[in-house]
Amino acid sequence: MGNERATEQPEPEAQHDPYAPRPGYVTGIDGRTDRTTTAAALGVGAALVTSFVLGFFRVPEWVVWPGVIGVGVVVWLVLRARQRRRDRSEGRSPDAVARARDRAIADANGGRRFFVAPNPVVVIVMGGIFIALAAVPLTLAGDPLSLSGLITPAILVICGAFFVVQGVGTLVVRRRPPGSH
């Protein structure tokens, strides 16, 4: 779970540059294709616009959150389905970019397909900061806690735990001899 090594060698196909710009994917400032699809970026943008518009109408928060999430997910899924259909009709594999990027990451990390931090201590400290930021509102809350008051700290703790686990995993990977599994 996360420590898998790429044992199967993919058959050589036409030289595919996983970082080359491709239509339908977000292009970073360096001109390389990112893993994030344009559909996902537009879904997030639609969710933010929906939140802004619903704020003008003073819609209650318990209605805004599900509405924003729903609009963002629907926009993302509809645009993603259209892009995948367009890729298939043009003879491209819809998953080619993700597979090529996974292969490039595995090759760069000695066959490992998970995140390897350049400096794992920074990632561990960042996770600790997230967890500390989650504890502050819980300890300083004078009024009774509400569901919305618990959601943000819960998300921060989950993110912080993720970073700590990734950092510790990178430290363990670096300590192992190269030939051991």
_Consider region 68-89. How many of its residues are surrounded by 13 or more Cβ atoms within 10 Å (Cβ to Cβ) and modelled with pLDDT under 90?_
5
*If you go through region 49-62 one residue at a time, do you hit one that is under 23 Å from THR152 (Cβ atoms), at pLDDT 90 or above, open to solvent by less than 70 Å² (accessible area, probe 1.4 Å) and not in a helix (DSSP H, G or I)?*
yes
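Can you pull out every residue in region 120-136 that is open to solvent by 40 Å² or more (accessible area, probe 1.4 Å) and modelled with pLDDT of 90 or more?
Keep residues of region 120-136 that are open to solvent by 40 Å² or more (accessible area, probe 1.4 Å), which gives 121-122, 124-126, 129-133, 135-136.
Passing the criteria: ILE124, VAL125, MET126, ILE129, PHE130, ILE131, ALA132, LEU133.
Would you call ARG92 assigned to a loop (DSSP other than H, G, I, E, B), at pLDDT 75 or above and surrounded by 14 or more Cβ atoms within 10 Å (Cβ to Cβ)? Before the answer, list the steps.
Numbers: assigned to a loop (DSSP other than H, G, I, E, B): yes; at pLDDT 75 or above: yes; surrounded by 14 or more Cβ atoms within 10 Å (Cβ to Cβ): yes.
Against the criterion (assigned to a loop (DSSP other than H, G, I, E, B), at pLDDT 75 or above and surrounded by 14 or more Cβ atoms within 10 Å (Cβ to Cβ)), ARG92 qualifies.
Which members of region 53-83 meet the condition of being closer than 26 Å to ALA96 by Cβ and of a type in the set (Phe, Trp, Tyr)?
TRP76, the sole residue that qualifies.
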_One residue from ALA40, ALA98, ALA46 being among the hydrophobic types (A, V, I, L, M, F, W, C), under 30 Å from LEU147 (Cα atoms), at pLDDT below 90 and in a helix (DSSP H, G or I)_ = ALA40
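The values are calculated or read from the model by the stated rules, or taken from the named source; none is laboratory data. Given the structure is predicted, the values throughout are model-derived calculations rather than measurements. Neighbour counts run over all protein chains shown; Cβ positions are idealised from the backbone, glycine included. Each accessible area value is taken on the protein alone, full model and side chains, heavy atoms only, with ligands, DNA and RNA left out. Shrake-Rupley method; radii C 1.70, N 1.55, O 1.52, S 1.80 Å.
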